[in-house]
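Chemist: Right, I'll just put the structure down here and ask away after.
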Amino acid sequence: MLVGATPPALPVIAQNRGEALTIVDPEYLREDHVNRICAPFLQNADFDDDRAGYGRGRGYAQQVPSTVSPPPPPPPAPPPPPPPPPLSADRATEARENVSRAQPSAPAVVTGNRIAQPGMIPPRPPYPYPYPGTENRERYDGEDVASIVTVADQPVSTFGVDVDTGSYSNVRRMLTGGDLPPRDAVRTEEMLNYFRYDYPNPRDRSRPFTLTTDMTTTPWNAESRLLRIGLRGYDLPRGERPPANLVFLVDVSGSMNSMDKLPLVQCSMALLAEQLGPRDRVSLVTYAGHVQQLLDGSSNREEIIRAIGMLRSGGSTAGASGIEMAYNAARKSMIDDGINRVILATDGDFNVGVTNTDQLIQMVEQNRESGITLTTLGFGTGNFNEAMMEQIADHGNGNYAYIDTAMEAQRVLVTELSSTLFTIAHDVKLQIEFNPAWVREYRLIGYENRLLAEEDFDNDAVDAGDIGAGHQVTALYEIVPAEGTGWLPRRRYDANRPAAPVAGGAELAWLRLRYKLPGQDNSRLIEQPVAAGLIRSARAPAGDMAFIAAVAAYGQRLRADRYLGDYGFADIRRLASTAYTGDYWRREFLRLAEMAEQQTAALGSANGKDGGK
């Protein structure tokens, strides 16, 4: 039921057949249902700052003809900004030169909210975002790139799985805005897991996962091989999804007063509400300087969307109080054997009450024991606190995503709804033991903040990642065969090591997966060998494996990973293009790699170096 006075009806937007909401790509113009749901929020937002809809990553509510036309004449020049740093000036100059060289007759492409000629980075806006005088307070908590490990010293590698994808879309936001991301914002495993691959579906839900292994040569290192481990959870048909008790916890503080924040939150929540049925319940809690509950366990879709339309931003950010009220609302509407989840939508800029991440984690951990999980959805730029968002989602037995466009909201909350909401396994851990007879050295690509001690694998008290229905997890190990030339020099006394027994002579490695079914405290184990023959049969990557290798290289290059050598973005694009199948998201990846290449080249030019290899 709706708490408080009846809100006004949502504005009705006339739908013209030749017009649609533009976000990211012309293909999006065909997403009529997303346009219908999101247009009222994205086209009728009222902001105090008349520049709020203009700038990097903005303009989510523009309408253009469905057949994209060349760019319109530029608007009148705004007042000149304060002198920018030398690097920004160089990059802005290059962007202007690109514009002047572009041919007006060339077909246009839509990137974010701007229309640019093919091959161009969209020009930087007159006012770089954050606007002059606004401090960039984005917070990330990265780890150093994993080190090389010798099998003779440490044959076992253990980590908790990760199904978050927020790093990929957050990096996309930065690249389309004209910036290279900070290294700490790049998590290669989240880029790998953003995409779907052809992993087999489990046949029996009593064993909810399949494990796939294969191997190719390494595109950037002739001496090594890439070992892929693919995990897939069973799919849940929509008709079999259990009823859901969802609490939308929405930040309506003053920091959410921009087009890429609260209006996009409203669009996202409305898209999700459209997927819910009569058995589902939705509560809506908002927080700013104070906390308020607008919905209490409603199953009326129109009422839910109307309440979402009431949201307005203003005030400080008492996030911890909002989290506490949201969990209380979830407990009040608890559904036994159903989905009970809090969905937090915020930029993470908590500044009133409990603001320390460790204290927030403690609060979330206390509540997860009652069976209520937590999904965090990040929005906006300038003050985005990703470090907190990712950590509290992990400790809340949930997942984290970053929403930069309505298309991303559609992917997370509609296309992958069951994966986002319905957990099929808790505390999922992977462990691999390499056979020193076949492998000399290895390194795990990504998962730096998910590494576990060897003894943690069998310890059911150690928390690890959770997996939703249909989720996929991909892990890549770069390995050096026993007789190959590795990264590390051979040791003086290697020849003096006692000969090891030939146990598992046909095994390259032994792979183990440990997980808990929902509601159970004791873990289950799946294990299988990795055949040694994979080394001899390894060929150049093709198909899915070529695309996976390209995405892995993309993440490593953005992190300036020294183990990638001189393998650059142009190489990455060439490799990924061999695996392009017409998929929307893979096509977008090719564009992002091109943007990264051009922005790296611009940065190298500004610093007197060669860039963008």
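Chemist: Looking at VAL156, is it modelled with pLDDT of 95 or more, among the β-branched types (Val, Ile, Thr) and buried (at least 20 other Cβ atoms within 10 Å of the Cβ)?
Modeler: Judged against the criteria, VAL156 is not a match.
The rows are residues; the columns are (1) closer than 21 Å to ALA546 by Cα; (2) touching a residue at least 40 places away in the same chain (Cβ under 8 Å); (3) outside the structural domain of ALA393 (by TED's automatic domain parsing).
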position	(1), (2), (3)
VAL156	no, yes, yes
ASN170	no, yes, yes
GLY178	no, yes, yes
ASP184	no, yes, yes
SER206	no, no, yes
THR213	yes, yes, yes
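Chemist: Could I ask something else about it? Got a sec? Which helices (runs of 4 or more DSSP H) wholly within the stretch 354-455 have at least 2 residues that are among the small types (Gly, Ala, Ser) and more than 22 Å from GLY338 (Cα to Cα)?
Modeler: Filter on the stretch 354-455 gives 406-410.
Chemist: Right, something else. Given the criterion part of a helix (DSSP H, G or I) and surrounded by fewer than 17 Cβ atoms within 10 Å (Cβ to Cβ), identify the matching residue among ARG312, ARG331, ARG306.
Modeler: None of the others qualify; the one that does is ARG331.
Chemist: Now a separate question. Looking at ARG539, ARG557, ARG524, ARG574 in this structure, which one is farther than 19 Å from VAL473 by Cβ, without any contact (Cβ under 8 Å) to a residue 12 or more places away in the chain and in the same structural domain as LEU211 (by TED's automatic domain parsing)?
Modeler: When all the criteria are applied, what remains is ARG574.
Chemist: Continuing with this model, one more query. Going by the structure shown, is LEU534 in the same structural domain as LEU227 (by TED's automatic domain parsing), at pLDDT 95 or above, in a helix (DSSP H, G or I) and more than 30 Å from ARG411 (Cα to Cα)? Walk me through it before giving the result.
Modeler: Details: in the same structural domain as LEU227 (by TED's automatic domain parsing): yes; at pLDDT 95 or above: yes; in a helix (DSSP H, G or I): yes; more than 30 Å from ARG411 (Cα to Cα): yes.
Yes: the conditions hold for LEU534.
Chemist: Here is a follow-up. Could you grab me the full set of residues in the stretch 175-230 that are aromatic (Phe, Trp, Tyr) and farther than 25 Å from LEU488 by Cα?
Modeler: Residues satisfying the conditions are TYR194, PHE195, TYR197, TYR199, PHE209.
Chemist: Same structure again: Would you pick out the residues in the stretch 217-245 that are over 18 Å from GLY568 (Cα atoms) and β-branched (Val, Ile, Thr)?
Modeler: Hit for the stretch 217-245 is ILE229, nothing else.
Listed here are the residues, each with its yes/no results for (1) aromatic (Phe, Trp, Tyr); (2) in contact with a Lys or Arg (Cβ under 7 Å, 6 or more places away or on another chain); (3) under 21 Å from ARG241 (Cβ atoms).
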position	(1), (2), (3)
GLY338	no, no, yes
ASP358	no, no, no
THR375	no, yes, yes
GLY380	no, yes, no
GLU390	no, no, no
GLU408	no, no, no
VAL412	no, no, yes
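Chemist: Which ones in the stretch 557-572 are within 18 Å of THR216 (Cα to Cα) and part of a helix (DSSP H, G or I)?
Modeler: Within the stretch 557-572, TYR563, LEU564, ASP571, ILE572 qualify.
Chemist: Okay, next question. Within the stretch 450-463, identify whether any single residue is of a type in the set (A, V, I, L, M), buried (at least 21 other Cβ atoms within 10 Å of the Cβ) and at pLDDT 95 or above, and answer yes or no.
Modeler: Taking the stretch 450-463 as the starting set, the residues that turn out to be of a type in the set (A, V, I, L, M) are 451-453, 461-462.
Still in the running and buried (at least 21 other Cβ atoms within 10 Å of the Cβ): none.
So far as the stretch 450-463 goes, no, none of its residues is of a type in the set (A, V, I, L, M), buried (at least 21 other Cβ atoms within 10 Å of the Cβ) and at pLDDT 95 or above.
Chemist: Among the numbered criteria (1) in contact (Cβ under 8 Å) with a residue 60 or more places away in the chain; (2) in a strand (DSSP E or B), which one does SER283 miss?
Modeler: SER283 satisfies every listed condition except (1).
Chemist: Same structure again: On the basis of being buried (at least 24 other Cβ atoms within 10 Å of the Cβ) and not assigned by TED's automatic domain parsing to the domain that holds GLY565, does GLU274 make the cut?
Modeler: no
Chemist: Does the stretch 213-230 include one or more residues that are closer than 21 Å to LEU421 by Cα, crowded, with 20+ Cβ neighbours inside 10 Å and within 23 Å of the chain's Cα centre (by Cα)?
Modeler: Just the residues of the stretch 213-230 that are closer than 21 Å to LEU421 by Cα, to begin with: none.
No - not one qualifying residue is present in the stretch 213-230.
Chemist: Here is a follow-up. Within the stretch 186-224, track down each residue that is outside any loop (DSSP other than H, G, I, E, B), farther than 21 Å from LEU590 by Cβ and among the acidic types (Asp, Glu).
Modeler: Selection gives ASP214, GLU223.
Chemist: Of the residues ARG539, ARG586, ARG573, ARG524, which single one is modelled with pLDDT of 95 or more, under 21 Å from the mean Cα position of the chain (by Cα) and surrounded by fewer than 19 Cβ atoms within 10 Å (Cβ to Cβ)? Working first, answer last.
Modeler: Values: ARG539 fails: under 21 Å from the mean Cα position of the chain (by Cα); ARG573 fails: surrounded by fewer than 19 Cβ atoms within 10 Å (Cβ to Cβ); ARG524 fails: under 21 Å from the mean Cα position of the chain (by Cα).
Being modelled with pLDDT of 95 or more, under 21 Å from the mean Cα position of the chain (by Cα) and surrounded by fewer than 19 Cβ atoms within 10 Å (Cβ to Cβ) holds for just one of ARG539, ARG586, ARG573, ARG524, which is ARG586.
Chemist: If you take the residues in the stretch 505-521 that are farther than 13 Å from ILE229 by Cβ and not in a loop (DSSP other than H, G, I, E, B), which one is farthest from the chain's Cα centre (by Cα)?
Modeler: Of the stretch 505-521, the ones farther than 13 Å from ILE229 by Cβ are 505-507, 514-521.
With not in a loop (DSSP other than H, G, I, E, B) added as a condition, the list becomes 507, 514-516.
Working: GLU507: 35, ARG514: 24, TYR515: 23, LYS516: 24 Å.
Residue satisfying both the conditions and the ranking: GLU507.
Chemist: Check the stretch 230-241 and report whether any residue there is modelled with pLDDT of 90 or more and within 18 Å of THR346 (Cβ to Cβ).
Modeler: No; the residues of the stretch 230-241 include none that is modelled with pLDDT of 90 or more and within 18 Å of THR346 (Cβ to Cβ).
The values are calculated or read from the model by the stated rules, or taken from the named source; none is laboratory data. Given the structure is predicted, the values throughout are model-derived calculations rather than measurements. So basically every Cβ, Gly included, is an ideal-geometry build from the backbone, and we count neighbours across all protein chains shown.
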